[in-house]
Amino acid sequence: MQNNSLTRIPWLDVLRIAACFMVVFSHSGDFFVARFDEDRTAFLSGVCWGSLMRACVPLFVMISGVLLLPVRTDMGTFYRRRLGRILVPLLFWSLLTPLFYRAYGHAEGANAVYYIASFPLNFNYVTTPLWYLYMLAGLYLILPIVSPWVAQASRKDLKRFLYLWGFTLFIPYIRVLAPFFGYVGNYGHTGIFGECDWNPFGTFYYVSGFLGYLILAHYLNLYPSGRSKKQICIRSAICFATGYALTCGGFIWTQRYFPTDYAYLEIPWFFTGFSVFLMTYGVFTALQTVRISNPRTQARLGRWASLTFGIYLCHFFIVQVAYDFVKQYVEWPPYLQIPLIAAAAFAVSAGVVRLLQKLPSHKYLIG
């Protein structure tokens with residue numbers, strides 16, 4: 001997600017900007033999803049828009065895979081450079097955001113003291129987007145360890161890993177469906193492949209998760225498709241459309257059987273699920289074909305891309321304010337309110353980040 005001023009790759013800048021806007025758009029629809037059957041139109045609007053944007057986080061991870069694999073520094077240097085750039089903003093926004101909610105008068109602001117005190121353990125409602133920084137820190141910790149293998153792995157070896165990782169994308173669905181076929185688990189725990197109450201680390205634990213997106217991005221960057229741009233875009237569109245149908249349809253179907261139960265509802269939206277993978281693959285491979293040679297356009301893209309990490313850090317509270325304003329003053333149908341909220345929140349967030357960039361120590365606030 002973070003901008004690397006030493007590396008200007010125009011299509012990656014386009015991807016970074018698109019993924020950032022998708023994050024803001026996704027959070028703009030969450031309020032509408034939460035209405036469920038209380039307002040079916042709002043719920044379906046939120047699900048349809050939110051599903052369309054679901055590839056946002058995996059795309060950010062894949063950007064890191066292109067830029068950081070293989071790691072070209074020693075472990076200590078890599079940790080200092082990368083972890084330092086996310087841990088300080090994590091601290092700053094974890095402490096500041098609850099105070100914004102309290103000053104705004106939001107109900108969650110009443111928990112500000114608890115949220116501030118507990119942030120070393122985890123994110124909370126008002127800092128929801130910061131879950132990504134906790135996860136990203138974990139990826140940074142493992143990158144120098146897997147990098148030597150990535151650097152010397154053959155194309156066939158990389159594909160073997162990706163096929164193995166690809167199977168893990170189906171595991172969330174297997175967990176849900178197995179009980180429907182009579183599986184009762186181990187002493188009431190319905191984990192699979194060795195998972196149980198006292199062991200959450202099943203067979204495929206160590207080859208699953210966001211690490212696969214890092215290596216997938218490295219593979220696609222190292223071995224780009226030899227097909228024509230038209231063929232790539234057609235295949236990418238098919239992948240995206242199929243993934244979207246499964247993601248959106250799966251969420252609506254799941255809500256019928258597990259109404260308001262987020263433990264099940266989120267499964268079709270899992271970033272490491274097969275349907276979201278298809279959407280991510282479609283967007284990434286399509287934008288890989290983008291060629292921008294105009295220096296002015298490249299410069300504009302670079303300036304916008306430099307804002308994205310800061311936008312990610314500050315947008316959630318701004319989305320909340322935009323939602324409250326639109327809900328009170330804009331009498332549009334929900335499917336139009338959501339993109340309005342997203343556009344407004346993205347623009348305001350970008351403005352806030354531009355102002356923060358004028359501060360002498362802005363890198364400690366917005367990376």
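Between Asn294 and Thr73, the simple spin-label model (points 7 angstrom out along Cα→Cβ) gives 3.5 nm. Taking every C-alpha pair closer than 8 Å and separated by at least 6 residues, the mean separation divided by the residue count of the chain gives a relative contact order of 30 percent.
Each peptide in 22-32, 334-344 gets a packing score, the mean of other Cβ atoms within 10 Å over its residues, and the list from highest to lowest is 22-32, 334-344. Using a probe radius of 1.4 angstrom, the carbon and sulfur fraction of the accessible surface of the chain is 64%. Relative to the compact-globule estimate of 2.2 N^0.38 Å, the Cα radius of gyration of the stretch 240-337 comes out at 1.45. A simple count of charges around Tyr223, restricted to other residues whose Cβ falls under 15 Å of its Cβ and scoring Lys, Arg +1 and Asp, Glu -1, yields +4. Largest accessible area first, the listed residues Phe60, Phe277, Phe270 line up as Phe270, Phe277, Phe60 when surface is computed with a 1.4 Å probe on the assembled protein chains.
Nearest 0.05, what FRET efficiency do Val184 and Asp261 give at R0 = 22 Å with Cβ-Cβ as r? Given R0 = 22 Å and the Cβ-Cβ separation, E is 0.65. Count Lys and Arg as plus one, Asp and Glu as minus one, and take only other residues whose Cβ is under 15 Å from that of Ala137; the net charge is then +4. With just the Cα atoms defining each centre, how far is the stretch 99-153 from the stretch 1-71? Give it in Å. Rounded to whole Å, the Cα centres lie 17 Å apart.
Between the stretch 167-209 and the stretch 289-367, what is the separation of their alpha carbon centroids in Å? A separation of 39 Å, based on Cα centres. With a Förster radius of 25 Å applied to the C-beta separation of Leu336 and Tyr104, the computed FRET efficiency comes to 0.50.
Above 20 Å, the calculated P(r) of the stretch 1-122 contains 64 percent of its Cα-Cα pairs.
Helices meeting the span-like rule in the chain (full DSSP H runs, Cα extent of at least 27 Å along the helix axis, mean Kyte-Doolittle score of -1.0 or higher): 10-33, 75-104, 131-152, 229-257, 308-329, 334-356.
From helices alone, the chain scores -22500 deg cm²/dmol at 222 nm; the rule is -39500 (n - 2.57) for each run of n ≥ 4 DSSP H residues, then divide by the residue total.
The values are calculated or read from the model by the stated rules, or taken from the named source; none is laboratory data. All values derive from a computational prediction rather than experimental measurement. So basically every Cβ, Gly included, is an ideal-geometry build from the backbone, and we count neighbours across all protein chains shown. Side chains are part of the model used for accessible areas, which takes the heavy atoms of the whole protein and leaves out ligands, DNA and RNA. Shrake-Rupley method; radii C 1.70, N 1.55, O 1.52, S 1.80 Å.
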